[in-house]
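Everything below concerns the one structure shown next.
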């Protein structure tokens, strides 16, 4: 399958309507309300998918309901952006129900992370759409001000975002960078949640990371599981032609279960990623820690593993 030419969404100015979807897990009503209030305070209108507050076990409604919400809001000309309410699990189940021709014809700002990686990878493959790996409406997280500031800027900034700021070192939960392998590299930013990337291998939406700065992160995966997933990507030949590796802050993946022998996550990365011979940085504020930068997927970035910086070199929004 050939990859379409890159498409960029338009800036989303105050006064615009943002559609809220829940393509994965159930959404806590109080957290959703808090996120909506923040978007409204920025001057945005919001339109909620009908199944956003539904619950079917670990899913926010049926597959048909979640996909219908997505397609309806994307087709609505009054909706200029679509942001996910939260992750969880279930986005993979709607991929075959998404109207990809609609996405190709009407590129819009799209944001989410974690389980939403399935949609990021599919949109890149189906439509060449630049999407945003960032905080979600019901999951701004404990570092709400940092997370919200990055999302707001990404919605509105027509030029390159430049160097992505780190949170205040004195702030609780601020990640500490770890240079696994030094160096500087440039490439298109691609990737997301490690579990989802591996789960899409062998499907029409498996990624091609050739020449890319590959973003990886995960939640509640013991080091041996991260080891297994990274090894699978290596055995599938998916990382050998990457330009660099940016591993987001994943504090719940650092150690193994108490009382059981384990490597640490940095040891796993040193074993498996350092031999690639490209810059590798762990701990960037874009994972399942409290700090969640908004990063555009599909545009040129520069990773400096020596100084723990990521700079976005290309505008992610159209003029």
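No value in this document is a laboratory result; all are computed from the given coordinates. Predicted, not measured: the structure shown is a model, and the values here were computed from it. Cβ atoms come from the backbone with ideal geometry, glycine included; neighbour counts cover every protein chain shown.
Values for this structure:
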quantity: R0 of 45 Å, Cβ-Cβ distance residue 236-residue 37: FRET efficiency to nearest 0.05; calculated: 0.55
quantity: 16 Å reach of a label modelled at residue 144, 7 Å along Cα-to-Cβ, counting backbone N of the stretch 33-47; calculated: 33-43
quantity: Fewest-first ranking of 120, 255, using other Cβ atoms within 10 Å as the exposure measure; calculated: 255, 120
quantity: Percent of C-alpha pairs per 20 Å bin, the chain, short to long; calculated: 35, 60, 5
quantity: Residue order, fewest to most surrounding Cβ atoms within 10 angstrom, among 114, 318; calculated: 318, 114
quantity: Per-residue Cβ neighbour rank within 10 angstrom, fewest leading, 286, 212; calculated: 212, 286
quantity: Rounded, prolate or oblate (a/c below 1.5 giving rounded, otherwise prolate when a/b exceeds b/c) for the stretch 80-139 by Cα gyration tensor; calculated: oblate
quantity: Radius ratio Rg over Rh of the stretch 162-312, counting only Cα atoms, Kirkwood formula for Rh; calculated: 0.94
quantity: Net length gained if the chain between residue 201 and residue 319 were fully extended (0.36 nm per residue, minus Cα distance); calculated: 39.0 nm
quantity: Cα gyration tensor, the stretch 1-43 - rounded (a/c under 1.5), prolate or oblate; calculated: oblate
quantity: Förster radius 22 Å - calculated FRET efficiency between residue 102 and residue 157, Cβ distance, rounded to 0.05; calculated: 0.25
quantity: Cβ crowding within 10 Å averaged over residues, with 296-305, 241-250, 72-81 ranked highest first; calculated: 241-250, 296-305, 72-81
quantity: Added length on full extension, which subtracts the Cα-Cα distance from 0.36 nm per residue, residue 224 to residue 64; calculated: 54.1 nm
quantity: Euclidean distance between Cα centres, the stretch 118-144 to the stretch 264-309, Å; calculated: 17
quantity: Beta bridge orientation in the chain: antiparallel %, DSSP, nearest 5; calculated: 40
quantity: Range of Cα positions in the stretch 118-200 per principal axis (Å), largest first; calculated: 41, 34, 29
quantity: Helix axis angle, 63-75 relative to the chain longest principal axis, alpha carbon, degrees; calculated: 70
quantity: Extension gain (nm, one decimal) between residue 208 and residue 17, 0.36 nm per residue minus Cα-Cα; calculated: 65.4 nm
quantity: Percent antiparallel among DSSP beta bridges (both partners in the stretch 162-312, rounded to 5); calculated: 50
